[in-house]
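S.K.: Supplied in C-alpha cells, the structure appears directly below.
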Amino acid sequence: MQFKIYFPLIVFALFFSATSYSQNSKRQQLEARRTQIQKDIIYINALLSNTKKKESNLLSDVKDLKHKIKAREELISVITSESKELNNEIYVKQLEINKNKRDLEALKKDYGDMIFKSYQSKSQNSRIMFLLSSENFFQAYKRFQYMKQYTSFRKKQGEEIQEKTTKLVALTDSLRVKKDQKTALLNEKKKEQTVIEKEKKEQENLLGQVKKKEGDYKNQIQKFQREEERIDAQIDKLIREAIAASNKKAEGTSGTTKTASASSSKATFTLTAEAKELASKFISNKGSLPWPVEKGFVSTYYGKQPHPVVSSTTIQSNGVRITTEEGSKARAVFEGTVLAIQVMSGNHKAVLIQHGNYITVYKNLETVFVSTGNKVSTKQEIGTIFTDKITGKTILGFILSKNTDTENPATWIYKM
C-alpha cells in the first residue's frame with residue numbers, strides 16, 4: 001500500500017530531475033554557441049573594418065555586409081532558441097515551487113494539529129497517568145516507546161518544515177535569476193535586431209547602386225571566374241601529371257607495362273602500402289581536420305551558386321575562400337608530402353600537399369616555406385597569405401580533392 005502511495009511521488013520527482021538536467025544541458029550548449037557567435041561577430045567586424053580600401057568596391061562592400069548580417073541572424077536564432085529553453089526551465093521551476101508550497105502547507109497543518117493535541121495533553125501528570133494506567137509492564141513499555149517516537153517524529157517534522165522552507169527560498173531565488181536571464185536575452189535580441197535592420201537598410205542602398213551598373217559588375221565577376229578556372233585547370237593538370245608519374249613508378253616497380261594517362265577523366269593514384277595507410281588516416285579524420293588558417297571565416301563556399309551580390313550571375317567554386325587577418329599563415333590540415341608548388345599570375349603561389357590519394361591545395365600565397373618533396377605535419381605553416389593592397393583583404397583559397405575530383409571542404413574541416 002505504501003508503495004502505491006509513494007510511487008507517483010517518486011516518478012514526479014524523477015521527471016523534474018530528468019527534465020531539468022536535459023533543459024540545462026541544452027541551454028548550456030546554446031549559451032556556449034551564443035558566446036562563440038558573439039566572438040565571431042566581433043572578429044568579423046574587426047577584420048572587415050580594418051581592410052583599408054584605396055578605392056571603393058561596391059561588390060566587396062555588399063558582400064562584407066552580407067557576412068555581418070548572416071552572423072547576426074544566426075545569433076538572433078540562437079538567442080531565440082535559448083530564450084525558449086529558458087521559458088521551459090522557468091515553467092518547470094514554477095511547477096516545482098508550487099508543489100513545494102503545497103507540501104509545506106500540508107506539513108505546517110499537520111504539525112500545527114500535532115502541537116495542538118500535544119498541548120491539550122502535555123501536562124506531566126497526564127503522561128504519568130498514561131503510563132501508570134497500563135495493564136501490565138509490557139503495555140507500559142510500549143506506551144513509553146510510543147511517547148519517545150511521537151516526540152522524535154514531532155522534532156523530525158519541524159526539521160522537515162525548516163528544510164522545505166529553505167528549499168523554497170532557494171527555488172524562488174533561482175526562478176528570479178532565470179527571469180532576469182530571460183530579460184537580458186530579450187534585451188540582447190532587441191539590440192541585435194536594431195543593428196541588423198540598420199545593416200539591411202545599408203545593404204539595400206548598396207544593392208541599388210550595384211543594380212545601376214549590373215552589366216559592368218557581371219563582366220567583373222566573369223573575368224574573376226575565368227581567372228579562377230584557369231588557375232584550377234593548372235592545378236588539375238599538375239595533379240594528373242603527378243598521378244601519371246606516380247603510377248608509372250609503381251608499375252615499373254611491380255614489373256607491369258600498363259601506363260596511366262595524365263589526361264584521363266578518372267585518373268587515380270596507385271597507392272603503396274604506406275600511402276594507403278596515410279589515406280586511411282586522412283579519411284578517419286573527416287569532419288575533424290583543422291582549419292588551414294588559425295583564424296578566419298568562409299567568405300565563399302564550395303560548389304555552383306548564385307553570386308552573393310549579383311544573384312543573376314552564377315559562379316563555380318571548386319573549393320572555399322577564407323578571409324583572414326593580414327600577415328596570416330596558411331597551414332597544412334594534415335600530414336603529407338608537398339606534391340607541387342604552382343606559381344600563378346602576380347607571382348602568387350599555390351602549394352599542393354598529397355595525403356595518399358587525397359590532395360589539399362592552398363592558393364593565393366605570397367611567400368612559401370616548403371619545397372616540393374618536403375614532408376609536412378598537421379598544422380605546419382606552409383606560407384604567408386597574400387593581402388590585396390587595394391581591397392585590404394587577405395583571402396586563402398583552399399581546395400580538397402580525391403585524386404582529380406574535388407570535394408566540399410566543409411565536410412572535412414571541423415565546424416567549417
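S.K.: Give, in nm to one decimal, the length gained when the segment between THR166 and GLU227 is fully stretched (0.36 nm per residue of separation minus the Cα-Cα distance).
M.R.: Details: separation 61, 0.36 × 61 = 21.96 nm, distance 7.20 nm.
Extending this stretch completely gives an extra 14.8 nm.
S.K.: Considering the options GLY346, ALA267, GLY356, tell which one lies farthest towards the positive end of the dipole of the range 245-398, charges being +1 on Lys and Arg and -1 on Asp and Glu at the Cβ, about the Cα centre.
M.R.: ALA267
S.K.: For the range 327-416, give the percent of accessible area contributed by carbon and sulfur heavy atoms, probe 1.4 Å, rounded to a whole number.
M.R.: Carbon plus sulfur share of accessible area: 49 percent.
S.K.: Ok, one more. Between LYS212 and ALA250, what length comes free when the chain is fully extended (0.36 nm per residue of separation minus the Cα-Cα distance, one decimal in nm)?
M.R.: 7.8 nm
S.K.: Using 0.36 nm per residue, how much length does the chain from LYS191 to ASN403 gain when fully extended, once their Cα-Cα distance is taken away?
M.R.: On the way: separation 212, 0.36 × 212 = 76.32 nm, distance 4.86 nm.
Gain on extension, LYS191 to ASN403, equals 71.5 nm.
S.K.: Using the heavy atoms of the protein chains and a 1.4 angstrom probe, tell me the accessible area per residue for the range 282-347 in square angstrom. Mind dumping the intermediate values first?
M.R.: Values: 2860 Å² over 66 residues.
Accessible area per residue, the range 282-347: 43 Å².
S.K.: Using the crude model of +1 on Lys and Arg Cβ and -1 on Asp and Glu Cβ, and no other charge, please compute the dipole size for the range 335-410 relative to its Cα centre, in debye to 20.
M.R.: Details: 7 positive and 6 negative charges, 22 e Å.
Taking the Cα centre of the range 335-410 as origin, the dipole is about 100 debye.
S.K.: Within 12 Å, Cβ to Cβ, of PHE398, how many net charges do the neighbouring residues add up to if Lys/Arg are +1 and Asp/Glu are -1?
M.R.: +2
S.K.: Using a Förster distance of 56 Å, how high is the FRET efficiency between SER174 and LYS276, based on the Cβ-Cβ distance and rounded to 0.05?
M.R.: 0.50
The values are calculated or read from the model by the stated rules, or taken from the named source; none is laboratory data. Bear in mind that the values here come from a model prediction, so they are computed numbers and not experimental data. Glycine also receives a Cβ, built like all others from the backbone with ideal geometry; neighbour counts cover every protein chain displayed. Areas reflect the complete protein model, heavy atoms only, side chains present, ligands, DNA and RNA absent. Shrake-Rupley method; radii C 1.70, N 1.55, O 1.52, S 1.80 Å.
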